[in-house]
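See structure below.
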Amino acid sequence: LAGAAALLLAPGRGLLPAFAGLFALILGAALLVPMATTLLMHGLRPLAGRAFGLPGRMAAGGVAATLSRTAPAIAALSIAISVGIAVGVMISSFRQTVVEWLANTLRADAYVSVPGLASSRSEGALDPAVAALVRAVRGVGAVTTYRTADVASPGGPVRIVALDFGTSRHHSSFRFREGDSARIWPAFDSGAVLVTEPFAYRHDLHAGGSITLLTDAGPRVFRIAGVFYDYSSEQGVVFMSGRSYRAAWHDPSVTSLGVFAAAGVDADTLVARIRRATAGMGQQLVVRSNRGLRDATLVVFDRTFAITAVLRVLALAVAFVGVLAALMALQLERSRELGVLRATGLTRGQLWGLVSAQTGLMGLAAGLLALPLGWVMAAVMIHVVNKRSFGWTLQMRLPPATFGQAIAIAVVAALLAGLYPAWRMARTEPAVALREE
């Protein structure tokens, strides 16, 4: 655990130390399981005794007395559950951050663009007649134009987004990490640029610094007025005013339009009018409402992380097999003990209850131990691994249901794994068990 802390807190941006630290964290937590299990069973034994009588106390004592078998199974189940917690918290935090970002960023009521090769990116250029036609549609209050292009720089290609704001309401769609908001927009209008958080992270840039881009007139230095949160590109984007872009690259093209409805005009009505007005144009267009674009983005997000649900099930299946193997081994080791218990009056039902209580306690221990480990792993994945991979700052969210489900899954998985061993042990005849010894 000390090694994990050293690796994760050390300065740097490499992913290898981050994954090594994550592995050290998991290994350290696994090595603490025997001691933690002993302490948990000591605390749970009186409660189990009051709830289930003598079999309950025997079950808690049996888990602690056979750590060579029970501890590895509890560790495997605990790690599997903690991974599920960590991944669940990370995805939930990521999704909620994106939902809030979309709600803040997508301020226009409708968006018009040319279909791109990627579902999340507009490419190509709109016919100038389209922009003029959209502006003339009844119910249009203002139009913001976007021009997306890749330009050269001394450090490689840079994606540029040039903006011509149709309304100052669009300013509120930017949430800044660095920079004085009172000075940013005047500087932006005067030729300064804004960079996204991933771009600033990858190029070690800050508000007040500068970036050099290769324009049509040669290299030009642009001052950075601010750094803002953005989750559209892991490589990062540079934003500048349309006037600055056209002066530097002599490119009057427009990639997409953000259309703001006039007062009293419904967004869906506006979208329908734009579609009718542009239906006869020779250029294929994508016209989406604010809600439609947001929903499409979240569909892509959910599809991206769908595979993680399968991975969580696989991890739980491996842990399930580990618990089953441990209980089967215990059955072989304790056959004489179980024979003596049966010979002294323990019924089959009581023996079944004893084994079930033991497996339930193992699952409960695994679930309780998984909670702090899952929380720490989620924090590492969000604030270290994700940051170093993409340069994004995510807002950590801890849904209470995730932790309650984790304990329930751990207990149910352990109980299911114990059904067959319990059935085998309950069927064992006392004379046969004693004779085998």
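The values are calculated or read from the model by the stated rules, or taken from the named source; none is laboratory data. In this text, all values refer to a predicted model and were calculated from it rather than measured experimentally. Cβ coordinates were reconstructed from backbone atoms using ideal geometry, including for glycine residues, and neighbour counts include every protein chain displayed. In case anyone asks, the SASA skips ligands and DNA or RNA and just uses the protein heavy atoms, side chains included. Shrake-Rupley method; radii C 1.70, N 1.55, O 1.52, S 1.80 Å.
For the chain, set up a Gaussian network in which alpha carbons nearer than 10 Å are linked by springs, and say which option among 234, 333, 197 fluctuates the most.
Greatest mean-square fluctuation among the candidates belongs to 333.
I want to verify a result. In a Gaussian network model of the chain, Cα cutoff 10 Å, which of these has the top mean-square fluctuation: 392, 249, 101?
249
Using only Cα atoms, locate the centre of the range 127-155 and the centre of the range 173-187, then give the distance between them in Å, rounded to an integer.
23 Å
Pull up all non-local amide H partners of residue 239: gap of 5 or more, or a different chain, and H-to-H distance under 5 Å with H placed in the peptide plane.
Excluding prolines and chain starts, which carry no amide H, the hits are 161, 194, 195, 196.
Roughly how many nanometres apart are two label points built 7 Å out from the Cα toward the Cβ at residue 149 and residue 189?
2.4 nm
Check residue 177: other-chain or 5+ apart residues with amide H under 5 Å from its amide H, H built from backbone geometry?
For residue 177, the qualifying residues are 227, 228, 229.
Rounded if a/c is under 1.5, else prolate if a/b is larger than b/c, else oblate: which is the range 80-182, with a ≥ b ≥ c the root eigenvalues of its Cα gyration tensor?
Prolate is the answer for the range 80-182, as a/c is 1.5 or above and a/b outweighs b/c.
At 1.4 Å probe size, with every protein chain present, just tell me what the per residue accessible area of the chain comes to in Å².
Accessible surface, normalised per residue, equals 47 Å².
Run the accessible area of the chain with a 1.4 Å probe and give the carbon-and-sulfur part as a rounded percent.
So the carbon and sulfur contribution to the accessible surface is 62 percent.
Given the C-alpha centroids of the range 211-266 and the range 26-100, what is the distance between them in whole angstrom?
So the separation of the two Cα centres works out to 52 Å.
Return the label of the correct value of Cα extents along the principal axes in Å, as calculated from the structure shown, out of (1) 95, 48, 33; (2) 75, 65, 53; (3) 174, 70, 63.
Correct label, based on the coordinates given: (1).
Can you work out the FRET efficiency for the pair residue 427 and residue 67, with r the C-beta to C-beta distance and R0 = 22 Å, to the nearest 0.05?
Efficiency, rounded to the nearest 0.05: 0.25.
Using the beta-carbon distance between residue 176 and residue 275 and R0 = 41 Å, what value does 1/(1 + (r/R0)^6) give for FRET efficiency, to the nearest 0.05?
Calculated transfer efficiency: 0.70.
Could I have the simple spin-label model distance between residue 223 and residue 336, label points 7 Å from Cα toward Cβ, reported in nm to one decimal?
Result for the modelled spin labels: 8.7 nm.
Compute a Gaussian network model of the chain, connecting alpha carbons closer than 10 Å, and tell me which residue from 129, 413, 365 fluctuates the most.
129
Rounded to the nearest 0.05, what FRET efficiency is calculated for residue 304 and residue 47 with R0 set to 60 Å and r the Cβ-Cβ distance?
0.85
Restricting to Cα pairs below 8 Å that are 6+ residues apart, what does the relative contact order work out to for the chain? Please round to a whole percent.
With pairs under 8 Å counted, the relative contact order is 26 percent.
Using 0.36 nm per residue of separation minus the Cα-Cα distance, give me the extension gain between residue 2 and residue 32 in nm, one decimal.
9.5 nm
Scaled to the compact-protein estimate 2.2 N^0.38 Å, what is the alpha-carbon radius of gyration of the range 1-138, rounded to two decimal places?
Normalised Cα radius of gyration, the range 1-138: 1.92.
Place a +1 charge on the Cβ of each Lys and Arg in the chain and a -1 charge on the Cβ of each Asp and Glu, then give the dipole magnitude about the Cα centre in debye, rounded to the nearest 20.
With only Lys, Arg, Asp and Glu charged at Cβ, the dipole is about 660 debye.
In sequence order, what are the phi-derived ³J(HN,Hα) couplings for the range 254-262 according to the Karplus relation 6.51 cos²θ - 1.76 cosθ + 1.60 with θ = phi - 60°, rounded to whole Hz, with x for glycine and proline?
Along the range 254-262, the couplings run 10, 8, 7, 10, x, 9, 9, 6, 6 Hz.
With each pseudo-label sitting 7 Å past Cα toward Cβ, what's the residue 95-residue 401 distance in nm, one decimal?
If labels sit at residue 95 and residue 401, their model points lie 0.9 nm apart.
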